[in-house]
Every structure is written in structure tokens, then in C-alpha cells.
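Written below as C-alpha cells is the structure these notes are about.
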Amino acid sequence: MLNLTGKNALVTGIANNRSIAWGIAQQLHAAGANIGVTYLPDDKGRMEKKVAELVEPLQPSLFLPCNVQDDAQVQQTFDTVRDKWGKLDILIHCLAFATKESLSGDFSSVSRQDFALALDISAYSLLSLSRAAKPLMTGGGSIVTLTYLGGVKVIPNYNTMGIAKAALEMNVRYLAAELGPQNIRVNAISAGPIRTLASSAVGGILDMIHHVEKVAPLRRTVTQLEVGNAAAFLCSDLASGITGQILYVDAGYEIMGMSEAGSAS
Ligand code: NAD
């Protein structure tokens, strides 16, 4: 039985009701986890208000600002987790960023600054959050991050984010190797394309979704809640033997070779 009762789960990356992190938070909550939520703060407090309203039904016992570019804020977040919860069992890393300019056009034209920014927010942050989580996962734990096929294969316009996801996926393996002796498991879910705030910055995202709907074995893309179900599984004792893995939750798209041929029904 999938049961997360008694587990403390910190979920990053909720921006709105389309966020994959929102799908994950709902499914962790449904499985009985105690939820904490972090959000990306802005000057006007808009994100705080919007996310607070959205997550209210889950009755999060922690609700904290956390910009992963700010080391002090990351430390403050985990200090609060330690003070309020004592221990952490689950960390969901569900965030990424790249400038719009670095998500379309020629890959070779990506600037040094845009490249570094994408890698910092989207890949390095898994290290910094895991480092802060490690001492709090005293009873073992599960860390889950979100990746995409564009980190393994060339996907039009994914460009800089593809490099960030390749780095992220290797982070998963190195972290899994380091944290395994503490019974902390680290895995990634490679989700199929879903319309969200972040994905709308990728040039041609709708074409990507339509392509998947035509050729994926299940003839559709996936939902946030389906990704949430897989995350709940990875965070549960049912997945106690799984670490360092990339789990594709993509309606099977990743297995297809001659993908145009798959469109014939
Ligand atoms: P989203 O826009 O809902 O979520 C992205 C989140 O990243 C937002 O909550 C945003 O506030 C947060 N974020 C950005 N910069 C941050 C910073 N400096 N500090 C803290 N948080 C920051 O979009 P999403 O599609 O749900 O993205 C979530 C994750 O899923 C990302 O890693 C994305 O690459 C991955 N993913 C998305 C898809 C897709 O098609 N939507 C597919 C596979 C993987």
C-alpha cells in the first residue's frame, strides 16, 4: 500500500495550478504526507498570495519563500524545517529557469550569462537543496527532481535547458551514490510535455505536445497528477530499492524510434 503517513515532504516549484509541483503536492498529500511548500518570492508578494491560496486545501504546515539563487534563503528554509519538523523525509525539486532567448533559435547563439543562469537555477540547485536536506533526513529519505527527454536527445528549441537537464540527470546519479549509505534515495522523473508557465517559454511547445499525442504509445501526453502519482511512488517504501534512476512518465514516447511511423493507427 502506498502510504506516506508520518512523512514530512517539502515541495518546491509551485507557481500556479498548472505546475507539475502542484500535481505532486496533491498526490503526496492524498497519500498522507505532511506538506511544506516553498515559493519563489517577488517584490510585490504576488506569488506568495497566489500560491498560498492554491495550496490552502492541503493545509501545509510550512510555507516559505525560497529563491534557490539565494544561499541564505535556502539555509533559512532548511533551518525552519529543522526547527518546526525536526526531520525531513521527502524533498521535491521541481523548478527550472532559462531565458526565453536561450529557448529558441540557434543553440550556438546562447550567451555565457544565459547558459550559466540556466545551469545555476535548474541544475546546481539540486545540489544546494540536497546538501541542506541531508542532515535533516535522519531516518533516510527520498529526493525527487524533474527532468525532460531534451537532456538526452536533441529536441527543437530546448537548447540551453537540454544542457541543464543533462547536468541535472548526472547530479541525480552522483548524489544517489553519495547519499545512498544514509538511505537517502535520489531519483528523477522525466515527464512528457505538459503546458505550464515554464514550458510555455520553450519555442514550439504546443507542436511538441501535438507530436507526442500522435506518436506516443498511449497516444496522448501526461498530466500533472500522473507525474504526482509517480513521485508519490518514488517517495514511498514501495520504491525502497530504487535510487539514481530516471523514470519516464511520458506515455511511452521515449521508447519510439521511427516516431513518424508510430502515428499510423
Ligand atoms: P512551472 O513554471 O509551473 O514551475 C517552474 C517553477 O520553477 C516555478 O514554480 C518557479 O517559481 C520556479 N523557479 C524558477 N526560478 C526559481 C528560483 N530561482 N528559485 C526557486 N524557484 C524557482 O513549470 P513546470 O513545467 O511545472 O516545471 C517544473 C519542473 O518540471 C521543471 O524542472 C521543468 O523543467 C520540469 N519539466 C517540465 C515539463 C513540462 O512539459 N512542463 C516536462 C518535463 C520536465
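The values are calculated or read from the model by the stated rules, or taken from the named source; none is laboratory data. Since this is a predicted model, take the numbers as computed values, not measurements. A quick note on method: Cβ atoms are made from the backbone with ideal geometry, for glycine too, and the neighbour counts reach across all protein chains shown. Heads up: the accessible areas ignore ligands, DNA and RNA and are worked out on the full protein's heavy atoms, side chains in. Shrake-Rupley method; radii C 1.70, N 1.55, O 1.52, S 1.80 Å.
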* Neighbourhood charge, 14 Å Cβ-Cβ cut-off, centred on Trp22 and excluding it, Lys, Arg +1 and Asp, Glu -1 -> 0
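Carbon-plus-sulfur fraction of the accessible area of segment 8-252, 1.4 Å probe, in percent?
Details: 5870 of 10830 Å².
C and S atoms contribute 54 percent here.
How would Tyr158, Tyr174, Tyr124 line up by accessible area, probe 1.4 Å, largest first? Present the calculation step by step, with values, prior to reporting the outcome.
Details: Tyr158 20, Tyr174 160, Tyr124 95 Å².
The residues order as Tyr174, Tyr124, Tyr158, largest area first.
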* With every protein chain left in place, what is the accessible area per residue of segment 1-105 in square angstrom, probe 1.4 Å? -> 48 Å²
* To do: Using a 1.4 Å probe and ignoring any ligands, DNA or RNA, find the accessible area of Lys214 and quote it in Å² to the nearest 10.
  => 110 Å²
* Using the beta-carbon distance between Lys50 and Thr5 and R0 = 45 Å, what value does 1/(1 + (r/R0)^6) give for FRET efficiency, to the nearest 0.05? -> 0.95
* Structure fact -> Any DSSP H helix in the chain with Cα axial reach of 18 Å or more and mean Kyte-Doolittle score of at least -1.0? Listed by number, the hits are 159-179
* Structure fact -> Rounded to the nearest 10 Å², the accessible area of Lys165 using a 1.4 Å probe with every protein chain kept is 10 Å²
* Asked: Separation between the Asp237 and Thr223 pseudo-spin-labels, each 7 Å from Cα along Cα→Cβ, expressed in nm?
  -> 2.9 nm
